[in-house]
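Please read the structure below before turning to the comments.
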Amino acid sequence: MVKLEKIKMLSGEMSLNRLKERVYCSKCKQKTNHLIIYTHTEKSNNNDEIQWQEQHHVVQCAGCDTKAFVKQYGDEDTWVYRGEERVWTDVFTVYPEEPISEPLPYYWLEKKEFRNVPETINQLYLQIIDVYNKGYLLLATIGIRTIIEAICLDVGIKQGYLY
């Protein structure tokens, strides 16, 4: 597993752990060092067939102080060869995600005009298209769920089905 290094804050009163791997910062627009504010750990039992560990971190960029979430995952299959030696590594996923550097043509969506849609739902739709075209796929997915709930509220669906 990845070892965390201790870094002393300038005040000397508080120390935070630093992620071993640099991850993307949405404000700095590059991979930077991040300090861990909080960590939640889940892992397999000793009796399980496959051993794994997953940590969810609330982190802060060491450069600009922007907050983000990082998922750190490792199991028996997350390893690479360095020379002839097999080294176990963790997979780091940062949220908000690093945008796609060059959007592929099939990722691009054109905005459509809807006449009979409430303004709040229309604004939400336009924002979802914008974040999707920028490559923030997780945020776009959350937006789709939100727009479905907004349409259900507008039509009056509280539970069940509307025929």
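What the table shows:
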{"item": "With every protein chain in place, region 18-140: carbon and sulfur % of accessible area (1.4 Å)", "result": "50 percent"}
{"item": "Rounded FRET efficiency, nearest 0.05, which uses the C-beta distance separating residue 161 from residue 122 and R0 of 25 Å", "result": "0.50"}
{"item": "Gaussian network model of the chain, springs between alpha carbon atoms under 10 Å - residue of 131, 94, 70 with greatest fluctuation", "result": "131"}
{"item": "Helix-only mean residue ellipticity at 222 nm for the chain, each DSSP H run of n ≥ 4 adding -39500 (n - 2.57), per residue, nearest 500", "result": "-7000 deg cm²/dmol"}
{"item": "Accessible area in the full protein assembly, largest first, 1.4 Å probe, for 71, 31, 43", "result": "43, 31, 71"}
{"item": "Per residue, in Å², the accessible surface of the chain once ligands and nucleic acids are set aside, probe 1.4 Å", "result": "76 Å²"}
{"item": "Cβ charges +1 (Lys, Arg) and -1 (Asp, Glu), total dipole of the chain, debye", "result": "580 debye"}
{"item": "Residue-span extension gain [residue 142 to residue 30] - 0.36 nm each, minus C-alpha spacing", "result": "37.9 nm"}
{"item": "Alpha-carbon gyration tensor eigenvalues x 5, square-rooted, for region 36-112, Å", "result": "30, 20, 15"}
{"item": "Cβ-Cβ FRET estimate between residue 111 and residue 89, R0 fixed at 41 Å, reported to 0.05", "result": "0.50"}
{"item": "Signed unit charges on C-beta, dipole axis of the chain, positive-most listed residue 35, 52, 141", "result": "35"}
{"item": "(1) 1.33; (2) 1.00; (3) 1.38, with the label sought being that of the calculated Cα Rg over 2.2 N^0.38 Å", "result": "(3)"}
{"item": "Residue 86 accessible area, 1.4 Å probe, all protein chains in place, Å² to nearest 10", "result": "100 Å²"}
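The values are calculated or read from the model by the stated rules, or taken from the named source; none is laboratory data. Computed from a prediction, not measured in an experiment: that's the story for all the values here. Ideal geometry is used to build each Cβ from the backbone, glycine not excepted, and the neighbour counts take in all protein chains shown. To get the accessible areas, we keep the full protein, side chains included, count just its heavy atoms, and leave off ligands, DNA and RNA. Shrake-Rupley method; radii C 1.70, N 1.55, O 1.52, S 1.80 Å.
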